Structure formats: structure tokens, C-alpha cells
1. Could you grab the pairs with beta carbons closer than 6 Å, sequence gap of 6+ or different chains, first residue in the range 352-378 and more than 21 Å from residue 279 (Cβ to Cβ), second one outside any helix (DSSP H, G or I) and open to solvent by 20 Å² or more (accessible area, probe 1.4 Å)?
2. Among the candidates 87, 112, single out the residue that is open to solvent by 10 Å² or more (accessible area, probe 1.4 Å), under 23 Å from the mean Cα position of the chain (by Cα) and either acidic (Asp, Glu) or modelled with pLDDT under 95 (or both).
3. How about the range 89-144: which of its residues are basic (Lys, Arg), assigned to a loop (DSSP other than H, G, I, E, B) and more than 22 Å from residue 169 (Cβ to Cβ)?
4. Starting from residues that are open to solvent by 30 Å² or more (accessible area, probe 1.4 Å) and of a type in the set (D, E, K, R), keep the ones in the range 34-79 and report whichever is modelled with the lowest pLDDT.
5. Pick from the range 270-293 the residues that are open to solvent by 30 Å² or more (accessible area, probe 1.4 Å) and of a type outside the set (S, T, N, Q): which of them is farthest from residue 253 (Cα to Cα)?
6. Here is a list: 322, 329, 343, 308. Which entry is open to solvent by 30 Å² or more (accessible area, probe 1.4 Å) and aliphatic (A, V, I, L, M)?
7. Can you tell me which residues in the range 222-234 are part of a helix (DSSP H, G or I) and touching a residue at least 60 places away in the same chain (Cβ under 8 Å)?
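The values are calculated or read from the model by the stated rules, or taken from the named source; none is laboratory data. Being a predicted model, the structure only gives us computed values, none of them experimental. Neighbour counts run over all protein chains shown; Cβ positions are idealised from the backbone, glycine included. Surface accessibility is based on the protein's heavy atoms, side chains included, excluding ligands, DNA and RNA. Shrake-Rupley method; radii C 1.70, N 1.55, O 1.52, S 1.80 Å.
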Amino acid sequence: MTTENNMSATGWNFDNSYYRLPKAFYRQVNPSPVQSPKLVILNSSLAESLGLNPHELQKPEGVADLSGNQVPEAALPLAQAYAGHQFGHFTMLGDGRAILLGEQITPRGERFDIQLKGAGRTPYSRQGDGRATLGPMLREYIISEAMHALGIPTTRSLAVVTTGEAVFREDALPGAVLTRSAASHLRVGTFQYAAKLGTFEDVRILADYTLNRHFQSQACDENKYLCLLQAVINRQAILIAKWQLAGFVHGVMNTDNMTVCGETIDYGPCAFMDTFNQATVFSSIDTGGRYAYGNQPVVAAWNLTRFAETLVPLLHSEHTQAVKLAQEALARFDELYRGHWLAGMRSKLGLCNAEEADESLIRSLLGLMQEHGADYTNTFLALTFSNEGGSSLFDTADFAAWKERWQARLARQQEPGGASHQLMRGSNPALIPRNHRVEEALAAAVTNEDYSLTTRFLDALASPYAHSANQAEYALPPENSNLPYQTYCGT
């Protein structure tokens, strides 16, 4: 670990534990300098929590760090190797436009990866240019910070810097570099890479590293690798339940986009639902609906099975027994996920205790929402504040019957009605990053270099459960359109 003597005025305090793994897991590479870096947005609160000085980060030397024009002291930049099942097909991969500077050790002794996205070519870039454009980098900043505020585990965005250079896609677009922090960038695909190209010892070293970095407090019996599998399964069950509760659609749940620590990562074609529909797909390339909203728990279980396969040699010396242990652990995912989802849904409906019929009550409401094209977030807001207007759902006899069941359920609780209301206020956000609002902010930034819409939007998203007056305008759904909203894997 680095010491205070190694810290710069900016506050960088790097350690490089990933660099000490076998060399097969990465390639050393420095960021490629850019023409004229300009800081356009900085997450000052995140910077301070990481032990960084926001004032220093805004100076030319700080911007040089954030753009890749200089390597901070004690950083050892590298590109990570990994593999992944992309839409079900196995591929060897790696960081093609992302460079890990190192791990920042915070004043509290916590460890976070600091990664530059769009920092230039790496040995894993293949035919790519290693660069990123402003729109997708701002999209990740906005949505990842919204996710954090909603209480959903996620990588976070520290800064966006424009490069002064054009990046050529279908058109010439302004280039940008995103600096993000993460508990780590260890992926299911990292383990797949080790299992495919590495040795048994490589997989063991990676598993030990993961246990030490993320699961030291995990109560474990003598089979620590089974404990690792169980811990990752539980983290993913929690994460996917939170996605579903918020109406979030990741869009590209390949195994290389699934972290073992249970954070949301890689905000490409992601979006939040407006109208509730289990079949919702936003990604332009997901033509078969593999990663639709309603499929996300199923895909998570599939991805976890791929993770378990990499650990089989570590679980037991006898293959048959190892497979049995893996299958038993995997079999618990559905139960764990359902438990976390059901608890969250109870909170959204103000249910302070549990009854056996709660799931039927919840699924009945969701079915009515889908049948009548109701807005997901605003339906729960309307129930929270007894403001049932603006949706045809609330005028139906079926909803009236459902509401009668719900009110009877609430009446059976011993807790006072105020407790239910407070539970709902804290579980149903006033706003989400609505897709049309995201696009509005990105268009102003990319076309006119106007970041005021982004700043105002981020301010409103920072406290989603405040239910304040300035959030009301962002709660409005988009006007009806004949064209479905589509997102793209921004490169």
C-alpha cells in the first residue's frame, strides 16, 4: 500500500494489487495523450470520498491526470484481460478502450479501481481506436450517479473530460474520456479467461485474490471457494432485484459485463422503463429480446452458471462432487432473488410485514400496469401520495378491485398508516433518469457544449427520495411516440 509520502497534492494514493497478479491477466499500457483536454464535469463529492482534492483536479495537472495526458505518481496503468459470453457466444476479450490506472486507497482504507474509459488503444483493441465519444460518456455519468442515489450498487463516475479531438463513428463526434471508480473490475469473464487460457493455479490465484479483496468478512467453512460462489450468487441476487424494482434495463448482460462484487458496470444501451412491460428492450442489437427487462433474473442465473463452471476444479477434488456443490449453490439463486425482490416490492406498497398472499397482490398490480400501459415509476408514486390521476389504469374496475384488496391488506398491519406512507416514500423515487431527459441533456452538451441541462438534471437525481418541488418536472413521462426508444452500445 502506498503511504502519505507518495500522495500528490491532488490526493492520489495508489496501490496496484491487480498488477501483482500473474501477467496473463493484463497488459501494461499507458494512456494515449489527447490534443486539448477540457474538464466538463467533476463529481466533487465522490472525489472527496476517495481522498482527492476537487480544487486540484480542476487545475491543468489534475485535468492531465483525468485525460490520460500524464500518469499520476505511483500509478501502474494496465488493460485487463477477460473473456465473455456475448449474447450466448463465447469470445476472448479485454479492455479495448479502458485503462486501469491503479487502486486508490481512501482515507478510510477502502480500495477503489480508478479507470480511464476512452484513453486510447490497448493490446485488446483489435480494430478499435480505443477512444470514446462525449455522448456515451455523459450517459454513463448521469445514469451511474442516478443508480448510486437510488441505492443500487454501481461503478461511479468521477469526471468527464473532452479531448479536443474528433472521434469518427458514423459521423465525426467530440471525443471524451470518462474517469470511473469501482470496487473492482473483476468480472465473470475474468474467471472465464483464466479457466480457458490459464492454468489451474491461475484460477486459484484469481479466486484467492477475489476473496481477499471483496469477501474477507464472509463467514466461511473450510471450503472457501464454495463460499466465494455462494457470496457472488447472493450479491447478484441483490443487484438484479434492485434493477427490477427500479425498472432498470441493463441492455447487454454479457458475462464480461457482470462483476463478481455485485456492482452494475458498463452503461452502454441501458435505460429505465417508462411504460411497464416485461418484454421491454431498448438495445438496438438485442433483436431477440435476450436481455429484456423480464429476462434479467434468468440471464443472471445463466451467467452465474458460467461463473460456477470456472470454479468447479477448486470446489472438490472429485469432479462429480464438485459439480454437485456448484449445482446446489446455483439452485438457491431463484429463492434469494425472489426474497430480495419481494421484500422490495412490499416496501413499495407500504407493507411492513409479510403475508403469504403478498406476491399474488404484487403480481396482480404489475399485470394491470402492463395491460393498461401504465407508467411504472409514476404508478407507485400515485399510490404513495394518493394522487391517482393521469392514468387510464386508475379508472378501471379491475384497479378498483385491486385497490380494495391492497387497502384491506394494509388494514391488517399493526403499524400505523404513517409508517406505511414513510416506507413508500423511501422506496418509490420521485424521479428516474427518464430517457427523453437524458437525451435532451446529451444533445445540448454534444451539439452546443451546453452542460447546464446535465448539471440541473444531476442535481435533481442526487436525492430521488426527497420528493421536492424541483423534481416534479423530471417526473413527467415523455409524450407519446410511434417510434420505440432505442439505445446503442456507445463506442
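1. 352/415
2. Working: 112 fails: either acidic (Asp, Glu) or modelled with pLDDT under 95 (or both).
Checking each option against the conditions leaves just 87.
3. Initial filter on the range 89-144 (basic (Lys, Arg)): 97, 108, 111, 117, 121, 126, 131, 139.
Filter once more, keeping what is assigned to a loop (DSSP other than H, G, I, E, B): 97, 108, 121, 126.
Within the range 89-144, 108 is the sole residue that qualifies.
4. For the range 34-79, the residue satisfying everything is 73.
5. Looking at residues that are open to solvent by 30 Å² or more (accessible area, probe 1.4 Å) and of a type outside the set (S, T, N, Q), I get 279.
6. Details: 322 fails: open to solvent by 30 Å² or more (accessible area, probe 1.4 Å); 329 fails: open to solvent by 30 Å² or more (accessible area, probe 1.4 Å); 308 fails: open to solvent by 30 Å² or more (accessible area, probe 1.4 Å).
So the residue among 322, 329, 343, 308 that is open to solvent by 30 Å² or more (accessible area, probe 1.4 Å) and aliphatic (A, V, I, L, M) is 343.
7. Those that are part of a helix (DSSP H, G or I) and touching a residue at least 60 places away in the same chain (Cβ under 8 Å): 225, 226, 228, 229, 230, 232, 233, 234.
Condition check ((1) in contact with a Ser or Thr (Cβ under 9 Å, 6 or more places away or on another chain); (2) closer than 18 Å to residue 134 by Cβ) across all residues:
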position	(1), (2)
434	yes, no
445	yes, yes
448	no, yes
469	no, no
